[in-house]
1. Stick to Cα atoms and the Kirkwood definition of Rh, then tell me Rg/Rh for the stretch 45-121.
2. For the peptides 75-88, 122-135, what is the packing order when you average, over each peptide's residues, the other Cβ atoms within 10 Å and list the highest mean first?
3. Cβ under 9 Å from Gly19's Cβ, Gly19 left aside: what net charge do those residues give with Lys, Arg +1 and Asp, Glu -1?
4. Give the distance, in whole Å, between the Cα centre of the stretch 13-92 and the Cα centre of the stretch 224-285.
5. Any chance you could get the radius of gyration and Dmax over the Cα atoms of the stretch 1-135, in Å?
6. Give me the percent of the accessible area of the stretch 92-137 that comes from carbon and sulfur atoms, probe 1.4 Å, all protein chains in place.
7. What is the ratio of the Cα radius of gyration of the stretch 1-76 to 2.2 N^0.38 Å, with N the residue count, to two decimals?
8. Could you give the accessible area per residue of the stretch 1-119, probe 1.4 Å, as a whole number in Å²?
Amino acid sequence: MMLGKTPGNITAIRPMKDGVIADFTVTEQMLKQFIKKVHQSRLFSPSPRIIICVPCGSTQVERRAIREAAIEAGASQVFLIEEPMAAAIGADLPVAEATGSMVVDVGGGTTEVGVISLGGMVYSGSVRVGGTSSTKAIINYIRALRHADRRNHRGNGQEGNRIGLSRIRSARDGSEGPQPRGGHPEELHHFLERDPGGSHRAAQPDRGCGEVGAGADPARAGRRHRRKGMVLTGGGALLRDLDRLLMEETGLPVIVADDPLTCVVRGSGKALERMDKLGSIFASE
């Protein structure tokens, strides 16, 4: 919450970025604080089992670093689960059945795409584009509007705004400037669609959906998931009309999961509770 709002003598950082560790030491301390919040007792040193979600495109080195950070933080056992699998479990999809379930998880740092059948990943794909990059794209869009509006204001000498903008205060410097009103999101959608790194690209037919059929022959998961469509999870799923955009891009039905923001963490909790029955869902290094 404090990114971009701190004074010069304080630096706000993300210890984990794009789903992997950006600062090992700070990540270890962060995990220690999480463990303390869960285990309030001071009589014994807590040594819990921990499950951590990882991007399906993360490397063995990145996964090993995450595991080691959790062990150094005090975990007795560390299990890794790929984010599409956790999201599918959290969305109550039939991951153990012989049918294809497709999930697209639009997180803060990555967008994960997975087709799941018989407790395993038939297809998985990951791009390091998500809510953070979309936020940056919107910021650039706002700055471009402000610049264009100021030039327009100087050029015609008129008061007010000719392109339907309101005024809000900048969080960093307190300055005011014209910003798009909440009632006109189509301008932002158009801008995000033109963004070459847009998260919706990850689920296009040529990026994944079209490749699923070849790898899903045992249960014909590829053809079945095309009839069922995809389930959209993650905080990015809350972006209005993103499901419509994905539907137009892929030609598949798109359903937004219930409470998409917490699907991954809820799925991780369910996996941890049922790990004896769902042992094959966990990722290896």
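The values are calculated or read from the model by the stated rules, or taken from the named source; none is laboratory data. Computed from a predicted structure; not experimentally measured. When we count neighbours, we look across all protein chains shown, and the Cβ atoms used for this are built from the backbone with ideal geometry, even at glycine. Areas reflect the complete protein model, heavy atoms only, side chains present, ligands, DNA and RNA absent. Shrake-Rupley method; radii C 1.70, N 1.55, O 1.52, S 1.80 Å.
1. Checking Rg against Rh, the ratio lands at 1.03.
2. Ranking the peptides 75-88, 122-135 by packing returns 75-88, 122-135.
3. So the environment of Gly19 carries a net charge of -2.
4. 20 Å
5. Taking only Cα atoms of the stretch 1-135, I get Rg and Dmax of 16.9, 56 Å.
6. Roughly 56 percent of what the probe reaches on the stretch 92-137 is carbon or sulfur.
7. For the stretch 1-76, the normalised Cα radius of gyration is 1.25.
8. Value returned for the stretch 1-119: 51 Å² of accessible area per residue.
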